[in-house]
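The values are calculated or read from the model by the stated rules, or taken from the named source; none is laboratory data. Since the structure is predicted, the reported quantities are computational estimates derived from the model, not experimental observations. All Cβ positions, glycine included, derive from the backbone under ideal geometry; neighbour counts span all protein chains shown.
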C-alpha cells in the first residue's frame, strides 16, 4: 500500500534521497514523525534549512492521500523506494527518485536495458539509424529506454514498437498525465500499450527545464548502457552522457560529425558505426 507521508515528502520540493535518509536517521523509520516535527527539530537534521523545514510543515497529508486515490483510479501506479517493485538499478543511485509515477505495463524486472537518446533535431540519417538500432536491439532481447522527446527519442521508441512484443520505457520531464510535447500523446499511448511511461514529478506537473534535465539521470540509471545517437556539445543529450559517466554506465555514440559525438568519442565513448556493423552491445 502506498504511504501518503512518503509521497508527500517526495513532492515537497528540495528533498532528495540524501536529505530524506538524513531525516529518517534522525526521526526513525517513520515519515509521519517527520511531518509532525516542529521547524526547530527539523532544522537539526543535516541538509535541512529553513525553506525545506517550512515546506515539510506546509504539507497537507489529507490532500496528498486524496490525490493518491485519484491518481490510482486513473491507472497511475505509484512506486516508492520502499516498494519491492521499485527498480533495483535506481536504488543504487545517491540521487534516486523518492517516488515514481507510472502508467502502462510496468515490468518489475525488465531484463537487459539500453538508453537511446539524442538531439530533437536530428539529421535524416541519424533518425533512421536510431529507429533501426532500437529495432535490432529489441530483437536481441533489450528493453529500450528514452525520453519521449522529439527527434531521436521518438525514433527510438518507434523502433522498439516496430518489433512484435517490443517493450520500451519513456521517462518524462513532466507528469505522466500531462505528456510533453503535446503532439506526442499518441506516441505515449502506444508506449503504454507495449511498455510504460514514468516520471518522478506529480502526474499533472508541466514540463520544465530542471525536470527535463533531471529525468536524464533516471533514463541512464535504469539502463545497463547508454547510446547517444547524435548531439552537439551544447545539446540536452550531453546531460545524459554526464549522468551516465557519474553512474558508471558504458557510453556509446555513433561516428557522426556532430560536435557532441566527436567530443564523446575523444573522451573514450564506444564507437558505433553508421552501418551498425560490429555493434558492441550484441
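Listing for the model above:
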quantity: Options 195, 175: the member that is in contact (Cβ under 8 Å) with a residue 40 or more places away in the chain, crowded, with 17+ Cβ neighbours inside 10 Å and within 27 Å of residue 12 (Cα to Cα); calculated: 175
quantity: All positions within the range 263-275 that are outside any strand (DSSP E or B) and loosely packed, with under 14 Cβ neighbours inside 10 Å; calculated: 266, 267, 268, 273, 274, 275
quantity: Those residues of the range 156-172 which are buried (at least 22 other Cβ atoms within 10 Å of the Cβ) and assigned to a helix (DSSP H, G or I), in sequence order; calculated: 156, 157, 159, 160, 161
quantity: Members of the range 46-67 that are part of a helix (DSSP H, G or I) and either without any contact (Cβ under 8 Å) to a residue 12 or more places away in the chain or buried (at least 18 other Cβ atoms within 10 Å of the Cβ) (or both); calculated: 50, 52, 53, 56, 62, 63, 64, 66, 67
quantity: Residue match in the range 255-267 (condition: outside the structural domain of residue 4 (by TED's automatic domain parsing), modelled with pLDDT of 95 or more and over 22 Å from residue 121 (Cβ atoms)); calculated: yes
quantity: Residues satisfying the stated conditions in the range 1-31, i.e. touching a helix residue (DSSP H, G or I) at 6+ places or on another chain (Cβ under 7 Å), under 21 Å from residue 84 (Cα atoms) and assigned to a helix (DSSP H, G or I); calculated: 4, 5, 6, 7, 8, 9, 20, 31
quantity: The range 235-259, subset out of contact with any strand residue (DSSP E or B) (no Cβ under 7 Å at 6 or more places or on another chain) and part of a helix (DSSP H, G or I), residue surrounded by the most Cβ atoms within 10 Å (Cβ to Cβ); calculated: 243
quantity: Qualifying residue in the range 21-37 (condition: closer than 28 Å to residue 218 by Cα, exposed (fewer than 15 other Cβ atoms within 10 Å of the Cβ) and touching a residue at least 60 places away in the same chain (Cβ under 8 Å)); calculated: no
quantity: Test: residue 200 is more than 21 Å from residue 79 (Cβ to Cβ) and buried (at least 22 other Cβ atoms within 10 Å of the Cβ); calculated: no
quantity: Pick from the range 74-105, criterion under 19 Å from residue 179 (Cβ atoms) and out of contact with any strand residue (DSSP E or B) (no Cβ under 8 Å at 6 or more places or on another chain), ranking: surrounded by the fewest Cβ atoms within 10 Å (Cβ to Cβ); calculated: 74
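For (1) touching a residue at least 12 places away in the same chain (Cβ under 8 Å); (2) within 10 Å of the chain's Cα centre (by Cα); (3) closer than 23 Å to residue 251 by Cα, each residue gets a yes or a no:
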{"position": "180", "(1), (2), (3)": "yes, no, no"}
{"position": "184", "(1), (2), (3)": "yes, no, no"}
{"position": "189", "(1), (2), (3)": "no, no, no"}
{"position": "203", "(1), (2), (3)": "yes, no, no"}
{"position": "209", "(1), (2), (3)": "no, no, no"}
{"position": "225", "(1), (2), (3)": "yes, no, yes"}
